[in-house]
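J.: Below is a structure I'd like to ask you about.
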């Protein structure tokens with residue numbers, strides 16, 4: 001059971017998720033974006049280290065600890081009492097960092113050194129990621145309405161911010177993607193699939209992109225196997241074009 005009602009830590013998009021190799025989540029945002037305490041608590045660390053840059057730890061009443069790293073500026077000191085949603089820092093890129101973002105880490109049992117995925121931790125406390133600051137404790141923001149792009153050429157951003165583009169041709173669908181955020185592009189990759197198809201591309205609620213291709217009776221789709229991950233092969237979708245209103 002959640003120990004408190006949480007608040008949104010920062011506006012932005014999740015550029016890296018929690019895994020065994022990555023002990024928190026990264027929320028990419030512009031330099032200077034406000035960072036907020038996820039819950040009431042006491043600041044137990046506020047300082048600077050070479051690999052983490054400016055960083056903060058907050059001990060919450062349920063014994064969990066939220067940790068914030070790579071900040072441009074800290075607005076609280078050790079011993080300060082903070083409230084959920086209070087601004088505590090600004091997004092930066094200090095320490096070992098490839099760009100401006102908040103690294104958010106959660107210690108579920110700090111005494112035993114147990115870390116946990118911040119996304120379900122926040123969801124249990126009323127905040128769904130990505131989120132909007134200012135919601136305050138309690139229910140998270142309304143669901144995001146994801147735009148759908150359709151046509152012979154479609155594009156969308158992966159969860160990590162890279163653009164991906166698909167183009168329909170007589171020999172099937174072709175795919176290219178940015179190799180880094182705001183960076184260069186891969187060569188075109190031939191995917192096969194329906195020729196001269198109408199395409200639709202949109203993100204799922206969990207951040208995975210999904211591509212649909214329709215040509216007459218042929219209706220197929222592909223999808224990312226995880227946010228910003230590789231793609232599945234083509235699979236039939238529904239009963240074909242004649243079944244689509």
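J.: If only one of 106, 35, 27 is touching a helix residue (DSSP H, G or I) at 6+ places or on another chain (Cβ under 6 Å), closer than 27 Å to residue 162 by Cβ and in a strand (DSSP E or B), which one is it? Even if it seems obvious, please write down each step before you answer.
T.: Values: 35 fails: touching a helix residue (DSSP H, G or I) at 6+ places or on another chain (Cβ under 6 Å); 27 fails: touching a helix residue (DSSP H, G or I) at 6+ places or on another chain (Cβ under 6 Å).
Answer to the check: 106.
J.: Please work out if residue 229 is in a strand (DSSP E or B), surrounded by fewer than 18 Cβ atoms within 10 Å (Cβ to Cβ) and without any contact (Cβ under 8 Å) to a residue 60 or more places away in the chain.
T.: On the way: in a strand (DSSP E or B): no; surrounded by fewer than 18 Cβ atoms within 10 Å (Cβ to Cβ): yes; without any contact (Cβ under 8 Å) to a residue 60 or more places away in the chain: yes.
It is false that residue 229 is in a strand (DSSP E or B), surrounded by fewer than 18 Cβ atoms within 10 Å (Cβ to Cβ) and without any contact (Cβ under 8 Å) to a residue 60 or more places away in the chain.
J.: Which count do you get for residues in region 154-212 that are more than 18 Å from residue 227 (Cβ to Cβ) and either out of contact with any strand residue (DSSP E or B) (no Cβ under 6 Å at 6 or more places or on another chain) or not in a strand (DSSP E or B) (or both)?
T.: So the count comes out to 14.
J.: Something else now. Every residue in region 38-49 that is buried (at least 19 other Cβ atoms within 10 Å of the Cβ) and in a strand (DSSP E or B), please. Let's see the steps before the verdict.
T.: Going through region 38-49, the residues buried (at least 19 other Cβ atoms within 10 Å of the Cβ) turn out to be 38-41, 43, 46.
Within region 38-49, 41, 43, 46 qualify.
J.: How many of the residues making up region 154-176 are farther than 15 Å from residue 207 by Cβ, modelled with pLDDT under 90 and surrounded by 18 or more Cβ atoms within 10 Å (Cβ to Cβ)? First the steps, then the outcome.
T.: So in region 154-176, the residues farther than 15 Å from residue 207 by Cβ come out as 154-155, 165-176.
After this cut, where a residue has to be modelled with pLDDT under 90 as well, the list is 154-155.
Now narrow it down to the ones that are surrounded by 18 or more Cβ atoms within 10 Å (Cβ to Cβ): 154.
Going through region 154-176 one residue at a time, the tally reaches 1.
Results for (1) surrounded by fewer than 21 Cβ atoms within 10 Å (Cβ to Cβ); (2) touching a strand residue (DSSP E or B) at 6+ places or on another chain (Cβ under 8 Å), shown as yes or no for each residue.
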position: 59; (1), (2): yes, yes
position: 62; (1), (2): yes, no
position: 66; (1), (2): no, yes
position: 69; (1), (2): no, yes
position: 77; (1), (2): yes, yes
position: 89; (1), (2): no, yes
position: 94; (1), (2): yes, yes
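J.: Looking at 52, 121, can you tell me which residue is buried (at least 17 other Cβ atoms within 10 Å of the Cβ), in contact with a strand residue (DSSP E or B) (Cβ under 6 Å, 6 or more places away or on another chain), touching a residue at least 40 places away in the same chain (Cβ under 8 Å) and within 24 Å of residue 206 (Cβ to Cβ)? Lay out the reasoning, then the answer.
T.: Values: 52 fails: within 24 Å of residue 206 (Cβ to Cβ).
Step by step, each of 52, 121 is checked, and only 121 is buried (at least 17 other Cβ atoms within 10 Å of the Cβ), in contact with a strand residue (DSSP E or B) (Cβ under 6 Å, 6 or more places away or on another chain), touching a residue at least 40 places away in the same chain (Cβ under 8 Å) and within 24 Å of residue 206 (Cβ to Cβ).
The values are calculated or read from the model by the stated rules, or taken from the named source; none is laboratory data. Since the structure is predicted, the reported quantities are computational estimates derived from the model, not experimental observations. Using ideal geometry, Cβ is built from the backbone for each residue, glycine included, and neighbour counts are taken over all protein chains shown.
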